[in-house]
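The values are calculated or read from the model by the stated rules, or taken from the named source; none is laboratory data. Note that the coordinates shown come from a computational prediction; the quantities given were computed from them, not determined experimentally. Every residue, glycine among them, receives a Cβ derived from its backbone with ideal geometry; neighbour counts consider all protein chains shown.
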Amino acid sequence: MNVPSSPVWTPTRWAENGDVRLAYDQLTTGGDGEPLLLVIGLGASRQWVPDGLCHLFAKLGFAVARYDQRDGGQSTHLAPTATRNPFAALFGKRGEAYTAEDMADDAIAVMDALGWQSAHLFGMSLGGAIVQRIAIRHPERVRTLTSMAAVPGDVKGLATWRYLRTGTLAKLARMRFPATPEGTVEAGVALARLIASPGYPFDEQAARAAAERIADTGIQDAQAQSRQIGAQWHGPAISTITKPTLVLHGDGDPLIKPTAARATASRIPGARLVTLPGVGHDLPQPVWEEITTQIRQLADTASQQSLRQ
């Protein structure tokens with residue numbers, strides 16, 4: 001399939017949720033398609049979502065938009081809090097800076113700014129947990145949701161550890177790079193290597209080029225990550241989700257165990273689980289077509305169900 005290597009995005013725009021400003025943009029191709037909002041993971045810039053994957057979504061009839069979560073990318077970074085270790089934040093005072101509900105509402109603020117009454121949602125890693133929460137808190141704004149490489153959206157504290165690979169967490173905790181542009185690039189390459197798909201060759205040159213282009217300091221910002229991961233969910237269980245749901249997970253994920261995906265899919269009524277062989281905690285190019293096709297099928301099924309009602 002011929003995929004353009006360099007997509008055209010709109011200039012950065014801003015949505016507001018209270019005092020928080022959220023940076024977002026939209027792929028200029030496919031703008032007349034069905035709205036699809038991409039929700040990124042812990043501490044990361046929206047630019048980490050591969051451009052080629054976004055183009056494939058557009059080719060399949062989606063209007064693609066992405067945004068930086070609070071405490072990530074170009075969006076508002078909150079004031080420092082006591083907890084400095086992202087994983088210790090799971091067990092300390094939760095919601096010290098903001099709640100998981102606030103983060104779910106951020107996505108709605110972005111949709112409002114885009115003029116979208118509803119959208120399909122695709123969340124990766126922490127973004128996967130967030131799209132589950134959006135579907136609980138704002139079901140009228142959700143057409144379908146796809147959660148990839150994520151824990152159940154209502155899991156808390158010690159219960160989260162059963163889904164995490166502690167060896168990888170230990171490696172993440174030991175990573176130290178200078179707070180310089182060069183250090184940021186090296187951190188990006190090291191992180192990409194750590195979470196890479198074991199079933200596919202790791203392309204260090206491509207990873208370095210992406211890290212240089214994105215220049216994302218958020219992957220080293222332990223305080224911001226602590227605030228994100230420490231945001232507490234106070235809402236209902238994921239078993240109350242009523243929207244068509246797809247759960248994707250790589251069987252080689254080095255960070256989150258596939259049992260997390262199985263738990264999520266088993267608890268959301270009607271959810272479908274798709275395991276991706278050889279895939280880690282990333283989005284390798286060989287599975288882009290599988291991912292986009294699965295989400296297109298989910299959207300089509302939802303449309304057919306809506307017509308029958």
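Would you confirm whether or not segment 170-184 contains a residue that is in contact (Cβ under 8 Å) with a residue 60 or more places away in the chain and touching a Lys or Arg at 6+ places or on another chain (Cβ under 7 Å)? Looking through segment 170-184, none of the residues is in contact (Cβ under 8 Å) with a residue 60 or more places away in the chain and touching a Lys or Arg at 6+ places or on another chain (Cβ under 7 Å).
Pairing residues of segment 40-57 that are surrounded by fewer than 23 Cβ atoms within 10 Å (Cβ to Cβ) with residues that are basic (Lys, Arg), at Cβ distances under 6 Å and at least 6 apart in sequence or on separate chains, gives Val49/Arg66.
Being acidic (Asp, Glu) and either crowded, with 23+ Cβ neighbours inside 10 Å or closer than 24 Å to Thr160 by Cα (or both) is the filter here; which residues of segment 278-292 pass it?
Start the filter on segment 278-292 by keeping residues that are acidic (Asp, Glu), which leaves 282, 289-290.
Across segment 278-292, the qualifying residue is only Asp282.
Of everything listed in (1) at pLDDT 90 or above; (2) surrounded by fewer than 21 Cβ atoms within 10 Å (Cβ to Cβ); (3) not in a helix (DSSP H, G or I), the single unmet condition for Ser75 is (2).
Taken over segment 100-150, the criterion of being within 26 Å of Lys257 (Cβ to Cβ) and part of a loop (DSSP other than H, G, I, E, B) is satisfied by Ser125, Ala149, Ala150.
Please work out if Pro86 is modelled with pLDDT under 95 and buried (at least 21 other Cβ atoms within 10 Å of the Cβ).
Details: modelled with pLDDT under 95: yes; buried (at least 21 other Cβ atoms within 10 Å of the Cβ): yes.
When the stated conditions are applied, Pro86 passes them.
Inclusion of Lys243 among residues that are of a type in the set (Lys, Arg) and either at pLDDT below 95 or not in a loop (DSSP other than H, G, I, E, B) (or both) is not warranted. The set of residues in segment 189-219 that are of a type in the set (S, T, N, Q), at pLDDT 95 or above and part of a helix (DSSP H, G or I) contains only Gln205.
Screening Ala265 against (1) crowded, with 20+ Cβ neighbours inside 10 Å; (2) modelled with pLDDT under 95 leaves a single unmet condition, (2). Scan segment 190-211 and tell me whether some residue there is crowded, with 20+ Cβ neighbours inside 10 Å and among the charged types (D, E, K, R). Checked segment 190-211: no residue is crowded, with 20+ Cβ neighbours inside 10 Å and among the charged types (D, E, K, R).
For residues that are in a loop (DSSP other than H, G, I, E, B), crowded, with 20+ Cβ neighbours inside 10 Å and of a type in the set (Gly, Ala, Ser), tally how many sit in segment 220-240.
Within segment 220-240, the first condition is being in a loop (DSSP other than H, G, I, E, B), and the residues that meet it are 221, 230-237.
Subsequent filtering for residues that are crowded, with 20+ Cβ neighbours inside 10 Å retains 230-231, 233.
Restricting the remaining residues to those that are of a type in the set (Gly, Ala, Ser) gives 230-231.
Matching residues across segment 220-240 total 2.
Among Thr275, Thr245, which is the only one that is surrounded by fewer than 19 Cβ atoms within 10 Å (Cβ to Cβ) and within 26 Å of Lys156 (Cα to Cα)?
Sole residue among the options that is surrounded by fewer than 19 Cβ atoms within 10 Å (Cβ to Cβ) and within 26 Å of Lys156 (Cα to Cα): Thr275.
Figure legend. Inter-residue proximity from segment 289-308: first residues in contact (Cβ under 8 Å) with a residue 60 or more places away in the chain, second residues in a helix (DSSP H, G or I) and basic (Lys, Arg), beta-carbon distance below 9 Å, spacing 6+ or different chains. Indicated pairs: Thr292/Lys59.
Restricting the first member to segment 8-32 and to residues that are closer than 10 Å to Ala65 by Cβ, and the second to residues that are hydroxyl-bearing (Ser, Thr, Tyr) and not in a loop (DSSP other than H, G, I, E, B), the beta-carbon pairs closer than 6 Å and six or more apart or on different chains are Arg13/Tyr24; Tyr24/Tyr67.
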